[in-house]
């Protein structure tokens with residue numbers, strides 16, 4: 001009896017979770033006449049790929065895709081490099097006046113700051129150096145999100161490495177840079193990959209700064225493209241859903257690599 | 001001799017440490033100062049000034065922007081809406097996450113495959129989520145109203161009815177973020193040793209009482225974490241409002257973030273938008289401080 005209740009509850013959960021995703025998938029292959037109707041069918045009668053064709057060939061899906069990939073990976077690359085150095089210093093060296101502690105707390109607080117609250121000064125800064133509507137500008141601004149995240153993640157991984165290896169290398173006369181490259185980097189490799197993937201997902205999905213700082217259509221990312229579709233075209237649902245699905249695939253595939261690390265990854269972000 | 005040699009090298013490196021620690025930290029420090037500390041100082045400065053675009057001047061006006069703000073009916077409405085959304089979403093996500101975690105606590109057939117599916121919504125871009133729910137919620141052609149019609153009930157104006165639009169957005173928020181609360185609480189549940197449950201059962205305690213007297217007290221820190229993370233995140237609500245309602249109908253879904261966006265980036269009312277940002281930052285600091293005092297109290301007792 002208890003078991004039946006459990007499976008019924010699981011079925012309800014599964015329906016609630018999957019129905020919107022299923023609906024997105026089938027709407028993307030329905031001809032308009034099958035979704036602009038008061039009696040939409042659960043299975044498309046005449047499935048079509050015309051929306052995908054229209055979105056990829058006639059519109060600029062690939063351009064937005066390239067923008068999104070460039071910005072998300074660029075921001076992640078910079079954050080990883082900077083955070084790797086910083087978290088090594090924070091994990092291994094002592095700083096005067098508890099400076100390291102203050103720095104880490106500040107970085108944690110930054111994650112709580114509402115992005116809109118910093119938007120005006122960041123806009124003014126980007127404009128003064130001519131980086132509004134550029135990928136480089138977005139890569140820099142996204143450090144607000146990705147850098148604190150990478151620092152805290154990598155700090156955990158580096159603290160997990162036994163110190164003896166580095167001490168031995170130091171006694172043998174290796175410089176800190178050499179130690180970082182030949183000992184620490186290989187040991188935190190898997191951690192770096194996991195951190196990179198989460199950071200890319202973060203940049204991939206970001207909306208508010210992209211909306212405010214990308215003012216020309218050439219520079220739009222996928223979330224902005226989708227937002228324009230929702231707000232400007234009332235019922236072009238087929239193309240909209242096909243864009244949504246295609247924009248989600250990379251993220252879902254990336255996170256598939258992380259199945260096992262997912263729990264740990266989130267636990268680390270949250271601590 | 002060799003040892004002495006090595007020791008002197010060690011001392012060399014230790015003195016090197018002094019330089020390297022700051023060289024390593026410097027890039028991160030520069031980025032953090034430039035992108036967070038400077039902007040915060042800058043909005044405090046802006047919030048105390050009045051800008052005139054046509055003349056291109058700025059005047060110091062003290063707290064005038066703040067005084068105007070607290071007398072602005074729309075700003076007060078946006079604060080109320082933001083809190084309503086944050087409280088409703090946080091607690092619903094907490095409950096949903098707890099329910100899910102209890103369902104997934106023990107092994108069952110198919111658990112391995114269900115887990116990644118249940119947490120999928122959390123990985124999607126908020127805009128994709130909005131797009132999907134926008135068509136589900138559509139008054140005429142949406143799936144949800146179609147189901148309601150088939151059941152013989154009246155249609156619901158999910159995104160156009162003033163009195164339920166907030167709850168509609170909360171439902172989307174639960175769909176997207178209950179998985180996070182689920183993951184955190186599940187990790188907590190799995191760290192509770194089985195012996196405790198067995199002992200309770202031997203003592204004659206049953207379902208709800210075990211949950212209330214054993215499980216929940218032991219989950220306290222995870223529950224607090226969910227409440228902190230989700231209340232801070234829901235407090236920022238902007239994307240869904242922008243894409244689905246534009247703050248409407250009326251002002252029913254106007255949040256503080258949306259208010260700042262409109263004042264700053266549509267009306268170019270920089271002083272007022274900055275003053276609202278300062279107030280928003282103060283509220284976030286207050287929420288975090290309450291959380292920290294809670295966790296500290298938990299640790300000492």
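Values as computed for the structure displayed
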{"quantity": "From the options A:97, A:51, A:60, residue that is farther than 19 Å from residue A:245 by Cα and away from chain B (no Cβ under 11 Å)", "calculated": "A:97"}
{"quantity": "Only one of B:219, B:211 that is buried (at least 19 other Cβ atoms within 10 Å of the Cβ), away from chain A (no Cβ under 11 Å), modelled with pLDDT under 90 and over 14 Å from the mean Cα position of the chain (by Cα)", "calculated": "B:219"}
{"quantity": "Test set (1) touching a residue at least 24 places away in the same chain (Cβ under 8 Å); (2) more than 10 Å from chain A (Cβ to nearest Cβ); (3) under 18 Å from the mean Cα position of the chain (by Cα) - residue B:289 fails condition number", "calculated": "(1)"}
{"quantity": "Selection from the stretch B:102-113 of residues that are in a helix (DSSP H, G or I) and touching a helix residue (DSSP H, G or I) at 6+ places or on another chain (Cβ under 8 Å)", "calculated": "B:102, B:103, B:104, B:111"}
{"quantity": "Selection within the stretch A:225-255 - at pLDDT below 85, in a helix (DSSP H, G or I) and facing another protein chain (nearest Cβ under 8 Å)", "calculated": "A:255"}
{"quantity": "Members of the stretch A:211-222 that are facing chain B (nearest Cβ under 10 Å), crowded, with 22+ Cβ neighbours inside 10 Å and in contact (Cβ under 8 Å) with a residue 40 or more places away in the chain", "calculated": "A:221, A:222"}
{"quantity": "Candidate set from the stretch B:114-133 (those that are without any contact (Cβ under 8 Å) to a residue 40 or more places away in the chain and either assigned to a helix (DSSP H, G or I) or surrounded by fewer than 22 Cβ atoms within 10 Å (Cβ to Cβ) (or both)); member that is nearest to the chain's Cα centre (by Cα)", "calculated": "B:123"}
{"quantity": "Whichever residue in the stretch B:50-71 is within 10 Å of residue B:270 (Cβ to Cβ) and touching a residue at least 60 places away in the same chain (Cβ under 8 Å) and, among such residues, is surrounded by the fewest Cβ atoms within 10 Å (Cβ to Cβ)", "calculated": "B:53"}
{"quantity": "Residue satisfying condition, being at pLDDT below 90 and outside any loop (DSSP other than H, G, I, E, B), within set A:4, A:21, A:26, A:12", "calculated": "A:4"}
{"quantity": "The listed residue being surrounded by 15 or more Cβ atoms within 10 Å (Cβ to Cβ) and within 29 Å of residue A:197 (Cβ to Cβ), out of A:32, A:20", "calculated": "A:20"}
{"quantity": "The stretch A:107-128, residues that are within 11 Å of chain B (Cβ to nearest Cβ) and farther than 14 Å from residue B:264 by Cβ", "calculated": "A:107, A:108, A:109, A:110, A:111, A:112, A:113, A:125, A:126"}
{"quantity": "Matching residues in the stretch B:161-174 - criterion: being surrounded by fewer than 22 Cβ atoms within 10 Å (Cβ to Cβ) and within 13 Å of another protein chain (Cβ to nearest Cβ)", "calculated": "B:171, B:174"}
{"quantity": "Matching residues in the stretch B:91-101 - criterion: being touching a helix residue (DSSP H, G or I) at 6+ places or on another chain (Cβ under 7 Å) and either free of Cβ contacts under 8 Å to residues at least 12 places away in the same chain or more than 7 Å from chain A (Cβ to nearest Cβ) (or both)", "calculated": "B:92, B:93, B:94, B:96, B:97, B:98, B:101"}
{"quantity": "Output for the stretch A:181-208, where each listed residue is within 13 Å of chain B (Cβ to nearest Cβ) and either under 30 Å from residue A:244 (Cβ atoms) or at pLDDT below 85 (or both)", "calculated": "A:197, A:198, A:200, A:201, A:202, A:203, A:204, A:205, A:206, A:207, A:208"}
{"quantity": "Residues (touching a residue at least 40 places away in the same chain (Cβ under 8 Å) and either buried (at least 23 other Cβ atoms within 10 Å of the Cβ) or at the interface with another protein chain (Cβ under 9 Å from one of its Cβ atoms) (or both)) located in the stretch B:242-253", "calculated": "B:243, B:244, B:253"}
{"quantity": "Of all residues making up the stretch A:147-173, the number that are under 19 Å from residue A:189 (Cβ atoms) and facing another protein chain (nearest Cβ under 10 Å)", "calculated": "3"}
{"quantity": "Enumeration of residues in the stretch B:140-167 that are assigned to a helix (DSSP H, G or I) and free of Cβ contacts under 8 Å to residues at least 40 places away in the same chain", "calculated": "B:143, B:144, B:145, B:146, B:147, B:148, B:149, B:150"}
{"quantity": "All helices (runs of 4 or more DSSP H) inside the stretch B:237-301 with 2 or more residues being out of contact with any helix residue (DSSP H, G or I) (no Cβ under 9 Å at 6 or more places or on another chain), closer than 23 Å to residue B:49 by Cβ and in the same structural domain as residue B:168 (by TED's automatic domain parsing)", "calculated": "none"}
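The values are calculated or read from the model by the stated rules, or taken from the named source; none is laboratory data. Please read these numbers as outputs of a predicted model, since none were measured by experiment. Because the Cβ atoms are built from the backbone with ideal geometry, glycine has one as well, and the counts that use them run over all protein chains shown.
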